[in-house]
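Student: Below are the structure tokens for one structure; questions will follow.
The values are calculated or read from the model by the stated rules, or taken from the named source; none is laboratory data. All of these numbers come straight from a predicted model, not from anything done at the bench. So basically every Cβ, Gly included, is an ideal-geometry build from the backbone, and we count neighbours across all protein chains shown. Accessible surface areas use protein heavy atoms only, side chains included; no ligands, DNA or RNA. Shrake-Rupley method; radii C 1.70, N 1.55, O 1.52, S 1.80 Å.
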Amino acid sequence: MSAAGDDSALPPSGDPSGLGPELQPSLIDRYGWAQRAEGILAPILTTVLAFLVGGLVVLVTTGKNPVTTYRAIFEGAGLSWFFEVGNNEIGLPFSDAKVWFPWNVNDIDSLAAVNLQQTLIVTTTLVLTGLAVAFAFRCGLFNIGGQGQYIVGSIWAVWIGSSFDGMNPFLHITLAIVVATLAGAAWAGIAGFLKATVGAHEVISTIMLNWIAIWVGSFLFGLGGPLQNDAQSSVPISNDIVESAKLPILWGDPLLQGLHTGIFFAIAALVVYWAVLNRTTLGYGVRAVGFNPEGARYGGISVRRNYFLAMAISGAFAGIAGAIDVLGWEFRLATGDIQTSQLGFMGIAVALLGRNTAVGVFLSALLFGSLVTGTSTRNLDPEVFQPELAFNLTLLIQGLVVLFVGADLIVLWFLRRLRTRVSA
Amino acid sequence: MTSVALPVAARMPHGLRRVAWIGIAIGIVAAWMALPPLTLRSWVPSLVLALIAVMLGIGVAIRGERRFGGFAIASGLFGFGIAFAATLSSVGKLESVVVWSALLAAMLRFATPLAFASLGGMFSERSGVVNIGLEGMMLMGAFFGIMGADKLDSWWLGLLVGVLAGGAAAFVHAVWAIHLQADQIVSGTAINFLAVGLTGYLFIDIYGTEGTPTDIPSIPDVHLGFLGDGFVGDIFGQLNLMIWIAIILVPLTWAIMFKTPIGLRIRACGEHPRAADTVGISVYGVRYAAVTLSGMLAAAGGAYLSIGFVNSFNENMTAGRGFIALAALIFGNWRPFGAAAACLLFGFSSALAQRLPEYSQSASVLFQALPYVLTLIAVAGVIGRSIPPAAVGRPYRKQ
């Protein structure tokens, strides 16, 4: 299976004459631009289509105006913050001059700002779980076990975070994240190892590993479990992590879950993802196996090694996501969190919509992060739309996005064929 | 003994397999003798039997039947493991956990939804379309089954609605897989996501946070009073109608798949669609029918779950069963009896997990992971040696 329908990663292939780019730059340029435009256009079309169908569902089932619903979700996600364009001015450094500035930089208390902080927190997680799916995709593997890898990472993070009281904060956070990363990598590595050695299909093994992680987590923090809260023996929850393990808050009120520094990890992960895939031998091998395992084997690349490594690196991304959620805002894990969390699964839609590129993953993580936050019980105005219903609307839109991503490859193929026919 | 018997067995048709089956049986006996009613309090006899099973397995495996040899080895290892664990436990607890008639009846109950989905998956995969969406189709069946039964006040109309909903989801998958030539894993995943979103949405929309009402008509049990109160009567005396349908479906599917022209056509489309097309079989038609049927069967399994088994619905209640069914299909080498045997195995592990909390209340949650662990081991143990239909997962393009 090669689900990695990623055209932007292919070298520009629109040179039927074979004369080379220097002889016909304009054609190559035009083709490249067209291809790139399609690469942007297709996900946008996919999203629009998914929202249209989702709106239709809203209209048919509840009779509510989909536009009002979407606007409420938009505001719940805090995206309206960007449009709170007032007469804000900021002082230029080293001068008395003041200039107009679109955002109110001092505004950290408004509802929109608080909502946006939530959105960015979720986006951080989704970037990482999205990369967990995307990296494996580039190797031709479908890692739908991001959820399990995320859970394993968060379990280790909460254990380390709640132990070692009084440790140096920097060391404590580093230790928790490193261990969670390795745990996620190991969890996914099981599936990678099985794929590489006995050929077990990674879809089934990662799904099974998801459920194993869920039940192990429920056991650990459940009543009488080994990691259950020391003080409250009747609540199925872990110990709180200690102050030294909490990530510093970057923007907003620490008591209201302000945006934490975990977002830098997400940004760094995006850069690492791009660099590893496009600038290292490892990435070359991974992509070669993803394009054509037989061809890669013929070229002397070990397919098995790359299967294992790609899964392990994927799991590492998901493990970081789990650690950052725990250290950044959750601070504890309840069995309910483990059983109902969806962010690992959502990484699949994020990666597919982002077409497995770093920029694409970031943008689609922002989209889904906004949807998740905008439809949460805390942020969505229940007068406009029932939040429990709205979260399922998010899941529905997610499904539609994945469905249409499956179809957009054929749309691209069709567009391309149309163009070659016209130009011929 | 093995050094004489095995070379002879190797020359008989299926001889090695028979030896392997003997090994598997010996492994099971090794476990059985340490459990009630025999309850041997020593693990030594089990160890001896288990070693014989493993040796037979190794002997068979090195003579070429690696798959069945592997089964015999696994049977020996598991047999000894279970026997050893049993000797560590007290007799009283063993007797309250291992009540064979109740365990086997529960096994059938847990295996039934898997069997429906697994047999459904067989039609789809044998025709050449990978069906990762079984999970979602089951979920559609579970929700629309209970909704139909509630709104139409009839269990069989509910079952019908559920089956049709699963068929509709499968039809979408078919369009994507066949006409749009989409990646079948991606479109199957989309079906799963869509099913979670759609059923969750409608569930909240229709039933709110209180959940489904308790007075919904459910699929009836079949009372077989003439079986009495004995061992057989306890297992088969009061099973749900859907369990009996599943039991009938297994040989029926085998007959359709391997003894009728329809089955031949389905298999041809999965093995060599071009050849099938050349002799006048409509590859697209067969695949559409097979995929839609697979969704309907999976949905029947889902409907059994909601209106035959637990009589309620909650969000994402299929809990990975569609994937376990898929693993059972692979474990059973894409054959009805093999898949059914795997479903029984996974069903048994669920039944056991349900009774194990007797030992430790806090670890009871951990036992819930048992079916998934077993599935993972099964997938890891045999998958490399089972052979999928040649053209599975590849879209067919007409020329």
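Student: Only one residue in B:325, B:303 is in contact (Cβ under 8 Å) with a residue 40 or more places away in the chain and more than 14 Å from every other protein chain (Cβ to nearest Cβ). Which one?
Tutor: Sole residue among the options that is in contact (Cβ under 8 Å) with a residue 40 or more places away in the chain and more than 14 Å from every other protein chain (Cβ to nearest Cβ): B:303.
Student: Among (1) modelled with pLDDT of 90 or more; (2) within 20 Å of residue A:357 (Cβ to Cβ), which single condition is residue A:302 missing?
Tutor: Every condition holds for residue A:302 apart from (2).
Student: Moving to a separate point now. Name the one entry in A:190, A:121 that is among the aliphatic types (A, V, I, L, M), in contact (Cβ under 8 Å) with a residue 40 or more places away in the chain and either assigned to a helix (DSSP H, G or I) or open to solvent by 10 Å² or more (accessible area, probe 1.4 Å) (or both).
Tutor: Result: A:121 is the single residue among A:190, A:121 that is among the aliphatic types (A, V, I, L, M), in contact (Cβ under 8 Å) with a residue 40 or more places away in the chain and either assigned to a helix (DSSP H, G or I) or open to solvent by 10 Å² or more (accessible area, probe 1.4 Å) (or both).
Student: Any idea how many residues of the range A:200-219 are open to solvent by 40 Å² or more (accessible area, probe 1.4 Å) and more than 11 Å from residue B:363 (Cα to Cα)?
Tutor: Here the count works out to 2.
Student: Do we have residue B:338 as assigned to a helix (DSSP H, G or I), more than 30 Å from residue B:92 (Cβ to Cβ), within 19 Å of the chain's Cα centre (by Cα) and within 10 Å of chain A (Cβ to nearest Cβ) here?
Tutor: When the stated conditions are applied, residue B:338 does not pass them.
Student: Further question: I'd like to check something: does the range B:122-132 contain any residue that is open to solvent by less than 10 Å² (accessible area, probe 1.4 Å), more than 21 Å from residue B:178 (Cα to Cα) and of a type outside the set (S, T, N, Q)?
Tutor: The answer is no, given that none of the residues of the range B:122-132 is open to solvent by less than 10 Å² (accessible area, probe 1.4 Å), more than 21 Å from residue B:178 (Cα to Cα) and of a type outside the set (S, T, N, Q).
Student: Also: Which residue, of A:196, A:231, A:213, is within 14 Å of chain B (Cβ to nearest Cβ) and farther than 20 Å from residue A:325 by Cβ?
Tutor: A:196
Student: What are the residues in the range B:341-392 that are more than 7 Å from chain A (Cβ to nearest Cβ), under 15 Å from the mean Cα position of the chain (by Cα) and open to solvent by less than 40 Å² (accessible area, probe 1.4 Å), if any?
Tutor: Within the range B:341-392, B:342, B:343, B:346, B:347, B:349, B:350, B:351, B:371, B:374, B:378 qualify.
Matching residues to (1) in contact with a Cys (Cβ under 7 Å, 6 or more places away or on another chain); (2) crowded, with 23+ Cβ neighbours inside 10 Å; (3) modelled with pLDDT of 85 or more; (4) basic (Lys, Arg):
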residue	(1), (2), (3), (4)
A:221	no, yes, yes, no
A:225	no, no, no, no
A:231	no, no, no, no
A:256	no, no, no, no
A:283	no, no, yes, no
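Student: Across the range A:193-231, what is the total count of residues that are touching a residue at least 24 places away in the same chain (Cβ under 8 Å) and among the small types (Gly, Ala, Ser)?
Tutor: Selection size over the range A:193-231: 6.
Student: Taking only the range A:369-386 into account, find how many residues are within 12 Å of chain B (Cβ to nearest Cβ) and either closer than 26 Å to residue A:264 by Cβ or surrounded by fewer than 22 Cβ atoms within 10 Å (Cβ to Cβ) (or both).
Tutor: Count: 3.
Student: Hey, another quick one. Name every residue in the range B:303-335 that is open to solvent by less than 30 Å² (accessible area, probe 1.4 Å), of a type in the set (Val, Ile, Thr) and within 23 Å of residue B:221 (Cβ to Cβ), in order of residue number.
Tutor: Scanning the range B:303-335 gives B:307, B:318.
Student: Since residue A:319 meets every condition but one in (1) more than 14 Å from chain B (Cβ to nearest Cβ); (2) over 27 Å from residue B:365 (Cα atoms), which condition does it not meet?
Tutor: Of everything listed in (1) more than 14 Å from chain B (Cβ to nearest Cβ); (2) over 27 Å from residue B:365 (Cα atoms), residue A:319 misses just condition (2).
Student: Being in contact (Cβ under 8 Å) with a residue 40 or more places away in the chain, over 22 Å from the mean Cα position of the chain (by Cα) and within 14 Å of chain B (Cβ to nearest Cβ) is the filter here, so list the residues in the range A:46-83 that pass it.
Tutor: A:53, A:57, A:58, A:62, A:64, A:69
Student: Can you find even one residue in the range A:69-90 that is open to solvent by 90 Å² or more (accessible area, probe 1.4 Å), polar (S, T, N, Q) and either at pLDDT 80 or above or not in a helix (DSSP H, G or I) (or both)?
Tutor: yes
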